[in-house]
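Notes for the one structure printed next.
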Amino acid sequence: MDAKVSALLNTQINKELYSAYLYLDMANFYQSKGLDGFSNWFEIQAQEERDHAMLMYKYLHNNGETVTLEAIDKPGLTYNDLMDPLTEALKHEKYVTSLIHTIYLAAKEADDFRTMQFLDWFVKEQGEEEQNASDNINKMTLFGSDARALYMLNQELAARVYSAPSLVL
Ligand code: FEO
């Protein structure tokens, strides 16, 4: 595998694990506010991020590459209100999308068609992740200021269940 592509995928494992940690921090924040549905939603999001890291880990190993695990940054964000994690989550997903696109571009420049095909799933997934993050912001904007509506929204988010990624290596 092209050395740059391999290095970027290695780094992305760390970024995905950081994403898991960041979303766990958001889940933790909502727990402290008594919003168990919001917390559930972010706990599942954290699980999905770990899945993303594991897919990259397995992909590198399947291709005979070396995986190097680095330290995971502290989440370090401060949330002042119930909306803050939702806006930070969208901002973070847009950042992750840009990282995936950078790896894709490196794979394209290296004529690494296998990695491009592997990343196709992530390109699509990022579209969905940004959409979900936007939906949460829109719902909170519409209903967040009404206690009964917020209760219903919390119940809706409590109904999210984990499902394993559709991409299998
Ligand atoms: Fe792994 Fe939310 O992107």
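Values for this structure:
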| read-out | value |
| --- | --- |
| Options Thr141, Thr87, Thr68; residue that is closer than 20 Å to Ala27 by Cβ and either modelled with pLDDT of 95 or more or touching a Lys or Arg at 6+ places or on another chain (Cβ under 6 Å) (or both) | Thr87 |
| Index of the failed condition, Asp120 passing every other in (1) acidic (Asp, Glu); (2) more than 21 Å from Ala46 (Cβ to Cβ); (3) surrounded by 15 or more Cβ atoms within 10 Å (Cβ to Cβ) | (3) |
| Any hit, the stretch 84-103, residues being within 22 Å of Ala158 (Cβ to Cβ), within 18 Å of the chain's Cα centre (by Cα) and surrounded by fewer than 16 Cβ atoms within 10 Å (Cβ to Cβ) | yes |
| Selection count, the stretch 139-164, where residues are surrounded by 14 or more Cβ atoms within 10 Å (Cβ to Cβ), assigned to a loop (DSSP other than H, G, I, E, B) and over 18 Å from the mean Cα position of the chain (by Cα) | 1 |
| Scan of the stretch 80-126 for residues that are outside any loop (DSSP other than H, G, I, E, B), more than 11 Å from the ligand (Cβ to nearest atom) and small (Gly, Ala, Ser), ordered by number | Ser98, Ala106, Ala107 |
| Residue among Glu65, Glu43, Glu49, Glu16 that alone is touching a residue at least 24 places away in the same chain (Cβ under 8 Å), of a type in the set (D, E, K, R) and either away from the ligand (no atom under 13 Å from the Cβ) or assigned to a loop (DSSP other than H, G, I, E, B) (or both) | Glu65 |
| Cross-chain or 6+ apart pairs with Cβ under 7 Å, the stretch 122-147 first and without any contact (Cβ under 8 Å) to a residue 24 or more places away in the chain, then assigned to a helix (DSSP H, G or I) and away from the ligand (no atom under 16 Å from the Cβ) | Lys139/Leu153; Phe143/Ala149; Phe143/Leu150; Phe143/Leu153 |
| Selection count where residues are of a type in the set (Phe, Trp, Tyr), closer than 23 Å to Phe122 by Cα and touching a Phe, Trp or Tyr at 6+ places or on another chain (Cβ under 9 Å), scope the stretch 33-87 | 3 |
| Residue within the stretch 129-136 that is part of a loop (DSSP other than H, G, I, E, B) and within 16 Å of the ligand (Cβ to nearest atom) present | no |
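The values are calculated or read from the model by the stated rules, or taken from the named source; none is laboratory data. Computed from a predicted structure; not experimentally measured. FYI the Cβ positions are ideal-geometry reconstructions off the backbone, even for glycines, and counts take in every protein chain you see.
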